[in-house]
Amino acid sequence: MPGETTPKPLLVLQGEMMHQSLPSVSAVYGDTAEVILRGLTIDDRPAEVVMVCEDEPLPPLEEFSGVVMSGAAVMVADPIPWIDRTSDYLREAVRRGVPTLGLCFGHQLLAKTFGGEVAPLAAGPEYGTVTIERTAESAGDPMLGHAPPRFLAQAAHHQTVVVPPPGAVVLARNGNGVQALRFAEAAWGVQFHPEFDDGLNRLIIEAVADTLSGLGVDTPATLAALTPSPDAAAVLRRFGAVLRARAAAKAA
């Protein structure tokens, strides 16, 4: 009967065990998937987490309403088997039209999967609260179309998409390069972290301060400049809205 269909769960592919890599952050905010699910605000529908970084098996795509690929403590070009398996899985998700969102590493992995190029940031790691600018092509986009022309976001990455895949649409960028891409009608990636607030980012920067300082980052200034980024956080909620809208359309 119309309206009686139970929504399929969202699938979160977890690429980092934050309780291992950043225990001081996990102790306050929970692990990677928990942070993402809170940001999506989809408490009214089910979700499943697969820890791909722990080689957990990838489930059949037809069981899910959408896929989110998280950030990770590794790089997309690292010769790690789970990265290649996850790349193939994401390619198939996008081919089938399953709503897909990549965050930081997930954004880079989608770009590489579809023929883009990812490389280290020329100016060094980008951490802290950064300014993002929408492109003209983002007008009307479900993820970025409602954001202000310039908005703040939380960043924590060493690499970036230097060449977008053929056919991908650049939705946002800043002085450090591409910050958001649309790969297909229902597939997006964002280099920034819409799931982070400034408090979480502060804990991350404090945890890796020595490493960042060694790479030329002015860590005290970066910490002092941290500020809330509600417009970036809204991007994650909009993906949740896409899932709801699709579920409602199928149930109608």
Between the stretch 126-179 and the stretch 182-252, what is the C-alpha centre distance in whole Å? 11 Å
Dividing the helical contributions, -39500 (n - 2.57) per DSSP H run of n ≥ 4, by the residues of the chain yields a 222 nm value, nearest 500 deg cm²/dmol, of -10000 deg cm²/dmol
For a footprinting-style exposure proxy, rank Ile36, Ile42 by other Cβ within 10 Å, fewest first. Ile42, Ile36
Trypsin sites (Lys or Arg not before Pro) restricted to DSSP loop in the stretch 61-123 with at most 13 other C-beta within 10 Å: Arg96
Kirkwood radius from Cα pairs of the stretch 1-129 plugged into Stokes-Einstein at 4 °C, 1.567 mPa s, gives D in µm²/s equal to 83 µm²/s
Tell me the label-point distance for the pair Asp198, Asp55, using the 7 Å Cα-to-Cβ offset, in nm and rounded to one decimal. 4.3 nm
Which cross-chain or sequence-distant (5 or more) residues have an amide H under 5 Å from the amide H of Thr100, H modelled 1.01 Å from N in plane? Val67, Ala187, Trp188
Taking the beta-carbon count within 10 Å as an exposure proxy, list Lys8, Lys250 from fewest neighbours to most. Lys250, Lys8
Given that just one value was derived from the coordinates, which of (i) 60, 39, 32; (ii) 63, 42, 28; (iii) 71, 50, 33 is Cα extents along the principal axes in Å? (i)
Per the rule of 0.36 nm per residue minus the C-alpha distance, extending His158 to His19 adds in nm 48.0 nm
Cα-centred dipole magnitude for the stretch 136-252, charges only on beta-carbon of K, R (+1) and D, E (-1), debye, nearest 20: 540 debye
Considering only the stretch 10-251, percent of DSSP beta bridges that pair antiparallel, nearest 5: 60 percent
Taking GluC sites (Glu not before Pro) as exposed when DSSP calls them loop (any state but H, G, I, E, B) and at most 16 other Cβ atoms lie within 10 Å, what is the longest stretch of the chain free of them, the sites themselves excluded? 5-184
Once Rh for the stretch 115-166 is found with the Kirkwood sum over Cα pairs, what is the Stokes-Einstein diffusion coefficient at 20 °C and 1.002 mPa s, in µm²/s? 170 µm²/s
When only Cα pairs under 8 Å and 6 or more residues apart are kept, what is the percent relative contact order across the chain? 21 percent
Label Ala245 and Ala73 with points 7 Å out from Cα along Cα→Cβ: what is the distance between them in nm? 3.7 nm
What are the ³J(HN,Hα) couplings of the stretch 93-98, residue after residue, when phi is run through the Karplus curve with 6.51, -1.76, 1.60 and θ = phi - 60°? Round to Hz, x for glycine and proline. 4, 5, 4, 7, x, 6
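Rule-based calculations on the coordinates, nothing more; no lab input. Not measured: the values here are computed from a predicted model. Counting neighbours? That spans all protein chains shown, and the Cβs are built from the backbone with ideal geometry, glycine included.
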